[in-house]
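Worksheet: the structure to be examined is printed underneath.
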Amino acid sequence: MKKKKMFLRMITASLLRRRSRMLVALLAIAVGATILSGLVTIYDDVPRQMGEQFRSYGANMIFMPSNGGELSGDSLQQAKNRIAEKQLVGYAPYRYENITVNERPMMAAATDFDGAAKTSPYWRVDGAWPSGVGEALVGKETAQTLALNVGDEVTLTYDLDKTPATADEAANTERNQNSAAFHVAGILDTGGNEEKYFFISIEDMEALTGKADCFDMAELSVTASQNELKTYADDISQHTDGVSARLVKRVTQSENTVLSKLQALVLLVTVIVLLLTMICVATTMMAVVTERRKEVGLRKALGASNKSIIVEFMGEGLLLGGIGGLLGSVFGFIFAQAVSMNVFNSSIQFRWLLIPVTVVVSVLVTGLSCLLPVRSATDVDPALVLKGE
Amino acid sequence: MSLLELKNVSKIYGPLKALDNVSLTVENGEWLAIMGPSGSGKSTMMNIIGCMDKPSLGEVILDGVDISKESSKKLTEIRRDKIGLIFQQFHLVNYLTAVENVMVSQYYHSMPDEKEALEALERVGLKDRAKHLPSQLSGGEQQRVCIARALINHPEIVLADEPTGNLDEANENIVIDLFRQLHREGTTLIVVTHDPEVAEVAQRTVVLEHGRPVKEIINESFEE
Amino acid sequence: MFFRMIKGALFRQKSKMIMIAVTIALGSSLATAMLNIMLDVGDKVNQELKAYGANITVVPKENSVLDSLYDLDDGGESVAHLKEEDLGKIKTIFWGFNILDFTPFVNTVVTLGDGSTAKLTGTWFNHHLALNTGEELDAGIHSLRSWWEIKNGQWLDEQKESIPANGALIGSALAARLGVETGDTLEVNTAKGSQALQIAGVYDAGGDEDEQLFTLLPVAQMLADCQGLIDSIEVSALTTPDNELARKAATKGPGALSPADYETWYCTAYVSSICYQIQEAIPDSVASAVRQVAESEGTILDKTRLLMILITILSLFGSALGISNLVTASVMERSNEIGLLKAIGARDSRISGIVLTEIMLTAIVGGVAGYFMGYGFAQIIGHTVFASAIEMKPMVIPLVAVLIIIVTLAGSIPAIRMLLRLRPAEVLHGR
């Protein structure tokens, strides 16, 4: 018992009274541990955080009617509920109808604008997103064709029976039409097919067509890996009547390719940085311990066995490694948090498991790097060590 | 039986013979000085007696055991149990206080005991400096801590290597007085020195030159 | 004498100096590798992002209007055309080097044997092109549809002898509907003629294209009766993420920019400036950015760069501390020597000079070795992750050199000053 007390007394004295050198060593270990815990946290977090960024490519899953018919709001809701809410970034149902504007055939799409803004974050709207009933978003191409500008009025006409196939037919037959005037809230620029459409709210479309609760498809943006998405799609197709979920391969496949490269990049960088940092820590520890060769010689001359000297130095290393590791865990988290806030604008979870891992690695690296110089000092005759220098 | 006996001991470093066929006997309780100029082999002899080095040839019998053939692990044990060392450069652990430095010796020997360590310091007149670090002590005080450390485990032999080499006159006298006291208590003392004044106070002086004992002086006027 | 002392220190304290050199080498290799990767990661990830396909589409000027007027969405048969002979000009624009791939399209609707219709697209697959400038290149749809999975059979390739002149790829959905497999022959008809297509493979595109047929450009041109003409072009270009200037140019048109801004905009690889240059090169064309790809690319690139910059800062910080720490430790270790030099009357400046010169010499050796090690690490990462070499930017060399010098000085000067302040006796007596 008494012996243990003296052991602790010697170690703490060494740590406290040799302040400047111990600070040097502690700093080295803490920096190493910070890099360890910081980089591992980032590496661990990159797929999630980057995955969210990749959602800017838009929908990666679509719901289609499985029987060639139409989708009901209920079945869509049911299908949507099978996806974990946390992973669902955006959801937008779509309904397409043929309409005419001044007898010119056009395509109108009804959607939930909040959802569409999330599933298609790359849409650029000149003007504003429609905010309510009676407002429309007009595709750039259509707007050019019809010479529409933001703030203009446009009347959409829907043939309740059947859109006439030819101009003759349109002129000659009795037509049962429904019209509504819309205020052009914004012009949509996407560089894709959407530029040809009118976008109106679902309520407006239901009023215009007199037909409610039917959709052609729904777009979903889900933060998940390709495999996870596949599982979701299979699950939904199997368990939801009338809904067939499909992956947008262009998005999922490419995301898989790019994301796996990015992760590999961060992994390799982490490994190399860690390796080099650990060697740096080791050399610093070795320098700090080598300085104490004389002390090792003295302890040997006083009759200490090699084992007890190694145990004492290891004790110090353990303590230093432990403190450095703890400090590093905290600083590493702060760093990772700063990176996350700066790069991804979102915070990260503290990973408790990383504390023991960081501490253990720090202790191991410190211990091993102490062992080498202590070993070499204990192997030499104390007389030579004491004489030296 | 003699406490220490060197029989035809040689230590050879390449072409150099640091010790050349030395034989020497030290009796229990004796105060011996080993004198000689630098390079005469004093330190080598001290290292061999102190179990910190092994002879190339010959036997060294300490308390009935031939230490020239022992493993270095065994030598460490013998050193710990039987020998107290005093160095010219003091060699105190610079981050431990005076009393802790004494306790280190106890720690490796048996059990650290702060009370006993303080008593040892009191004996060398440093009770009030016990909590000071070596850097806060004068050279003489440091050497006295070193002596206290050497005595704490009641060794058979106290080996002192130039104990006064780094000390001024006044401190030298304090150290010599301490040696006298030790001698009166029956401790075997071997003092390696090149200082005739330090050698003079010993019972017997062996003079080394080129690794060989060339002269032996018995101090006639030695007072018990 | 000065040099003799330094030589002595360098060679006699070999193991210590080697340790310092090794640590400095590690630090400098880390800095070299990370800086190079950081500077190159944008380009590398940009290349990877090409997996998403084309980011620019080029159509004839009148097309967009006409298309809507006649509601040709069902057929996709355009009235206005671009000229096939103009295709090569895409590579001759200012940012021609950034054009990674492009392919023309000719769309037509064909009637199949069972009376149903399908969209047939003629395109290049791996077309060899010799430009007027003497440059030669291969272009085609393959890299623009990286997500296509050829289920059986193989990609078409104009340069392969084994591919028949009437070869075609069929979408998985259409193939399933028609019961067609690789190796079969499929008869297609248009008003302009009929052609037997030999199915070279079935692809799964996971989208609308699964209902289509893709064939070689001349076949489709014959069927659509538009020899030498094309409907649209898809272009994949390496671009710089948009900033304020690019957004201004895109919304208000390049005309709205001041001459200086225009110059900057034109000479930066923004997607809008590349589009503008393509329009200049190809007569009567409208080039527009595919926002889904162009916009997202910018986001991902910016984030990746920032991420790498921060990781680089951390590792630079780490290696800087590592080096200065070790240097501090090793200077402190020499308290005896410094005390001795002081005791024999050396001036402080002299002592600092000796110690600093030694450490600096060691640092130079370590730094140079580290640069080459870092080169190795960067290439390992480049080849493992991106399967291509990381470009070593010359600007990294002075950066690393300055970093090492500052860090070494920062590590040694405080320690030297601390030791110089001590009285020699204290130092020599082991304090």
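The values are calculated or read from the model by the stated rules, or taken from the named source; none is laboratory data. Quick caveat: nothing in here was measured; it's all calculated off a predicted structure. Here Cβ is always computed from backbone atoms with ideal geometry, including for glycine, and neighbour counts include all displayed protein chains.
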* Asked: Can B:Gln106 be described as at the interface with chain A (Cβ under 10 Å from one of its Cβ atoms), assigned to a loop (DSSP other than H, G, I, E, B), touching a residue at least 24 places away in the same chain (Cβ under 8 Å) and not hydrophobic (A, V, I, L, M, F, W, C)?
  -> no
* Asked: Name the pairs whose Cβ atoms lie under 8 Å apart, with the first residue in the range A:1-30 and within 8 Å of chain B (Cβ to nearest Cβ) and on the phi > 0 side of the Ramachandran plot, the second part of a helix (DSSP H, G or I) and surrounded by fewer than 19 Cβ atoms within 10 Å (Cβ to Cβ), and 6 or more positions between them or separate chains?
  -> none
* Structure fact -> Reported set for the range C:264-302 where residues are hydroxyl-bearing (Ser, Thr, Tyr), more than 13 Å from chain A (Cβ to nearest Cβ) and assigned to a helix (DSSP H, G or I) is C:Thr264, C:Tyr266, C:Ser273, C:Tyr276
* Asked: For residues in the range C:181-222 being buried (at least 20 other Cβ atoms within 10 Å of the Cβ) and in a loop (DSSP other than H, G, I, E, B), which is farthest from the other protein chains (Cβ to nearest Cβ)?
  -> C:Ala205
* Give me a count of the residues in the range A:67-95 that are within 14 Å of another protein chain (Cβ to nearest Cβ) and surrounded by fewer than 17 Cβ atoms within 10 Å (Cβ to Cβ). => 1
* Qualifying positions in the range C:139-154 - under 23 Å from C:Leu223 (Cα atoms) and in contact with a strand residue (DSSP E or B) (Cβ under 7 Å, 6 or more places away or on another chain) -> C:Ala139, C:Gly140, C:Ile141
* Asked: Does the range A:307-322 include one or more residues that are free of Cβ contacts under 8 Å to residues at least 40 places away in the same chain, among the hydroxyl-bearing types (Ser, Thr, Tyr) and assigned to a helix (DSSP H, G or I)?
  -> yes
* Complete set of residues in the range B:1-35 that are outside any strand (DSSP E or B) and within 20 Å of B:Phe179 (Cα to Cα) -> B:Leu3, B:Glu27, B:Asn28, B:Gly29, B:Glu30
* Among the residues of the range A:253-277, write down those that are crowded, with 21+ Cβ neighbours inside 10 Å and more than 7 Å from every other protein chain (Cβ to nearest Cβ). => A:Glu255, A:Val266, A:Thr270
* Residues being among the aliphatic types (A, V, I, L, M) and surrounded by 19 or more Cβ atoms within 10 Å (Cβ to Cβ) - total across the range C:119-135 -> 1
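Within the range B:1-42, track down each residue that is touching a Lys or Arg at 6+ places or on another chain (Cβ under 8 Å), farther than 12 Å from B:Ile190 by Cβ and of a type in the set (Gly, Ala, Ser).
Step one: list which residues in the range B:1-42 are touching a Lys or Arg at 6+ places or on another chain (Cβ under 8 Å), which gives B:10-11, B:17-23, B:30-36, B:41.
Adding the requirement that they be farther than 12 Å from B:Ile190 by Cβ leaves B:10-11, B:17-23, B:36, B:41.
Result: B:Ser10, B:Ala18, B:Ser23, B:Gly36, B:Gly41.
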* To do: Examine the range A:129-145 for a residue that is buried (at least 17 other Cβ atoms within 10 Å of the Cβ), modelled with pLDDT under 90 and assigned to a strand (DSSP E or B), and state whether such a residue exists.
  => no
* Members of the range A:107-159 that are under 19 Å from A:Thr209 (Cβ atoms) and touching a Leu at 6+ places or on another chain (Cβ under 7 Å) -> A:Ala108, A:Pro130, A:Leu137, A:Val138, A:Val154, A:Leu156, A:Tyr158
* Structure fact -> When (1) modelled with pLDDT under 90; (2) under 22 Å from B:Gln106 (Cβ atoms); (3) in a loop (DSSP other than H, G, I, E, B) are applied to B:Gly165, the one that fails is (2)
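Would it be correct to say that B:Ile61 is assigned to a helix (DSSP H, G or I) and within 18 Å of the chain's Cα centre (by Cα)? Break it down into steps so the answer makes sense when it comes.
Values: assigned to a helix (DSSP H, G or I): no; within 18 Å of the chain's Cα centre (by Cα): yes.
Judged against the criteria, B:Ile61 is not a match.
Mind telling me which of the residues A:Phe344, A:Phe335 ends up being within 13 Å of another protein chain (Cβ to nearest Cβ), closer than 15 Å to A:Gly32 by Cα and under 21 Å from the mean Cα position of the chain (by Cα)?
Working: A:Phe344 fails: closer than 15 Å to A:Gly32 by Cα.
Only one candidate qualifies: A:Phe335.
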* Just give me the residues in the range A:105-117 being within 14 Å of chain C (Cβ to nearest Cβ), outside any strand (DSSP E or B) and either buried (at least 19 other Cβ atoms within 10 Å of the Cβ) or more than 31 Å from the chain's Cα centre (by Cα) (or both), in sequence order. => A:Ala116
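Please work out which residue is farthest from B:Leu159 (Cα to Cα), limiting yourself to the range B:87-102 and to residues that are of a type in the set (S, T, N, Q) and in contact (Cβ under 8 Å) with a residue 40 or more places away in the chain. It would help to see each step written out before you state the result.
Pass one, the range B:87-102, residues of a type in the set (S, T, N, Q): B:88-89, B:94, B:97, B:101.
Keeping just the survivors that are in contact (Cβ under 8 Å) with a residue 40 or more places away in the chain gives B:88-89, B:94, B:101.
Working: B:Gln88: 11, B:Gln89: 14, B:Asn94: 22, B:Asn101: 18 Å.
Top of the filtered list is B:Asn94.
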* Asked: What do you reckon, is C:Leu326 more than 30 Å from A:Gln49 (Cβ to Cβ), away from chain A (no Cβ under 13 Å) and either modelled with pLDDT of 80 or more or in a helix (DSSP H, G or I) (or both)?
  -> no
